[in-house]
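Undergrad: Dumping the structure here so I can ask a few things about it.
The values are calculated or read from the model by the stated rules, or taken from the named source; none is laboratory data. What you are looking at is a predicted structure, and each value in this text was computed from that prediction instead of being measured. Please note: Cβ atoms are built from the backbone with ideal geometry, for glycine as well, and neighbour counts cover all protein chains shown. SASA here: full protein model, heavy atoms, side chains in, ligands and nucleic acids out. Shrake-Rupley method; radii C 1.70, N 1.55, O 1.52, S 1.80 Å.
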Amino acid sequence: MLDLKYVAQNFDAVLSRLQTRGGSLDLGPFKSLVSERRDLYVAMESLAARRNTANEEMKRKAKEDPAALEALRGEMRAVSQSIKEREARLKEVEEELSRILLLIPNLPHESVPVGSNEEENVQVALWGEKPNLPFTPRQHFELGERLGMLDFERAAKVSGSRFTFYKGALARMERALASFMIDVHTQKGYVELLPPYLVLRETMMGTGQLPKFEDDAFKTVGEPERFLIPTAEVPVTNYHADEILEGSQLPVRYCAFSPCFRAEAGAAGRDTRGLIRQHQFHKVELVKFSHPESSLDELEKMVDDACDILRRLGLHHRVMLLCTGDMGFASRKTYDIEVWLPGQGAYREISSCSDCGDFQARRAKIRFRAQKGDKPQLLHTLNGSGLAVGRTAIAILENYQREDGTVAIPEALRPYMGGLEELRPL
């Protein structure tokens, strides 16, 4: 969340920057509440000062003037009552300000291009070339079904729409991809975590999924209420919640494989066939805790780490700098990595890497101390897919397909597949 003091002191500039994100942004009575909060503090300080003065006067009057003492006692009771009333109102005001701040997205960084939608994103890198397939390429779900390795019909029978059974060598490929990604990232210094898949409400609040996106989450019934994670970013970022790290530790880097669960409440009618938009999918997540001065550099490194997986797999892709109107809620700067899918004839997102600044750290109370004895300050958090496993499988199916319906397995992945070189029909 944004800093209350900063928003209050720079209200017009903050509002102007937030409006570049598009959509309907309503800060409600924020300005009037800030003014009332300031007035309440001033009034309470004045009343407290009067109470202290009255206490001193009462000590003097106790022996000299009993009648005046009683009058002072009456004034003290009135002052104490006024303080209590203002304290109660101050609590209400601060709760309302906090509620508003929890619904305000992060401020886009100055280097982010202003735009309203994905059409105004900026390509910043391109790797490899589109495969030259001498036949009409099929989409991944056609390939998977022809191979007998993707079963959407039985998954719908078991779980409803937007679920899939993987089968045979394609199921093995999903596991192989996750292991391959984790091995690459840990060799670069990321520490592997295997996180919980159920988290508490405050954990979802810490990374910005709640309260705004509760409709997109699956949650349990009963107490304590728990949520199925939409991404490993949630538990891994909160791994250091309410902690103070030492500056010498930064950057701290984690990678984590997990299933992800999303209700996709706002995605009705989109990508209804295949693996692109499922209620359950796998992902390898990258998370960093960085010094504020170096977080943008760490973002660039994170993007390259994610792209390295695609380079090793020989998959043509591009990197897009998202405009203000296309960024996620908690991000101040985001790059999307988009892989080419011949079957669709389009680039599709396979990773999104974001620098969240101190937005999440303020919510989750994650701080660092630059040097021993220094006052703790908020660090910066970053996260990115390294990569979405199912979408990587999609890219392999579509880019390595052959006219006869078989699919070659990229050389880098073959050691994880027991030496298997291709997918053939079951």
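Undergrad: If you build a Gaussian network model of the chain, linking Cα atoms that sit under 10 Å apart, which residue out of Lys375, Lys365, Lys301 swings the most?
TA: Per the Cα network of the chain with a 10 Å cutoff, Lys375 tops the list.
Undergrad: Here's another thing I want to ask about it. Considering only Cα-Cα distances, which of the following residue pairs are longer than 23 Å: Lys283/Lys365; Lys301/Lys333; Lys188/Lys365; Lys84/Lys212; Lys212/Lys333?
TA: Lys283/Lys365; Lys188/Lys365; Lys84/Lys212
Undergrad: One-quarter of the Cα convex hull surface for the chain, in nm²?
TA: 26.2
Undergrad: Sticking with this one: Please give me the summed charge of the neighbours of Glu45: other residues whose Cβ is under 14 Å from its Cβ, Lys and Arg +1, Asp and Glu -1.
TA: Spelling it out: positives minus negatives among the neighbours equals +3.
Undergrad: Could you bin all the Cα-Cα distances of the range 61-196 into 10 Å bins starting at 0 and give me the percent of pairs in each, rounded to whole numbers?
TA: Bin by bin from 0 Å, the calculated values are 8, 12, 16, 21, 12, 8, 7, 7, 5, 3, 0.
Undergrad: Can you tell me what share of the DSSP beta bridges in the chain is antiparallel? A percent to the nearest 5 is fine.
TA: 90
Undergrad: Over the chain, with a Gaussian network built from C-alpha contacts below 10 Å, which listed residue (Val287, Val252, Val93) shows the highest mean-square fluctuation?
TA: Most flexible of the set in this elastic network: Val93.
Undergrad: Now for a different question. List the trypsin sites (Lys or Arg not before Pro) within the range 187-261 that DSSP assigns to loop and that have no more than 16 neighbouring Cβ atoms inside 10 Å.
TA: In loop regions of the range 187-261 (DSSP not H, G, I, E or B), the sparsely surrounded trypsin sites (Lys or Arg not before Pro) are Lys188, Lys212.
Undergrad: Still on this structure, I have one more. Can you tell me which lysines have their Cα less than 17 Å from the Cα of Lys91? Leave out same-chain residues fewer than eight positions away.
TA: Lys5, Lys31
Undergrad: Further, regarding this structure: Using the Cα gyration tensor of the range 200-304, with a ≥ b ≥ c the square roots of its eigenvalues, what is the shape: rounded (a/c below 1.5), prolate (a/b larger than b/c) or oblate (neither)?
TA: oblate
Undergrad: Then there's this: Which of the three applies to the range 259-363, rounded, prolate or oblate, going by the alpha-carbon gyration tensor with a ≥ b ≥ c and a/c under 1.5 meaning rounded?
TA: oblate
Undergrad: Turning to a different aspect of this structure: Residue by residue, what Karplus-based ³J(HN,Hα) values in Hz, rounded to whole numbers, does the range 344-350 have, using 6.51, -1.76 and 1.60 with θ = phi - 60° and x for Gly and Pro?
TA: Those phi angles translate into 8, x, 7, 7, 10, 4, 10 Hz.
Undergrad: Tell me, what is the per residue accessible area of the range 341-393 in Å², probe radius 1.4 Å?
TA: Here the residues of the range 341-393 average 33 Å² of exposed surface.
Undergrad: When the chain is modelled as a GNM with alpha-carbon springs shorter than 10 Å, which of Phe152, Phe135, Phe11 fluctuates the most?
TA: It is Phe135.
Undergrad: Using a probe of 1.4 angstrom, how much of the accessible area of the chain is carbon and sulfur, in percent?
TA: The C+S portion of the solvent-accessible surface of the chain is 48 percent.
Undergrad: I've got another one for you. Through the Karplus equation 6.51 cos²θ - 1.76 cosθ + 1.60, θ set to phi - 60°, convert the phi angles of the range 413-423 into ³J(HN,Hα) values in whole Hz; use x for Gly and Pro.
TA: With the stated coefficients, the range 413-423 comes to 8, 4, x, 7, 10, x, x, 4, 9, 7, 9 Hz.
Undergrad: May I pose another question? Where does helix 389-399 land angle-wise versus the long Cα axis of the chain, in degrees 0 to 90, nearest 10?
TA: Taking Cα atoms only, the helix is inclined about 30 degrees.
Undergrad: Moving to a separate point now. Could you let me know the centre-to-centre spacing of the range 168-242 and the range 15-54, using Cα atoms, in angstrom?
TA: 36
Undergrad: Sticking with this structure for a sec: Only helical DSSP H runs with n ≥ 4 go in: add -39500 (n - 2.57) per run for the chain, normalise by residue count and round the 222 nm mean residue ellipticity to 500 deg cm²/dmol.
TA: -13000 deg cm²/dmol
Undergrad: Still on this structure, please answer the following. Just the accessible area per residue of the range 213-324, please: how many Å² with a 1.4 Å probe?
TA: About 41 Å² of surface per residue is accessible.
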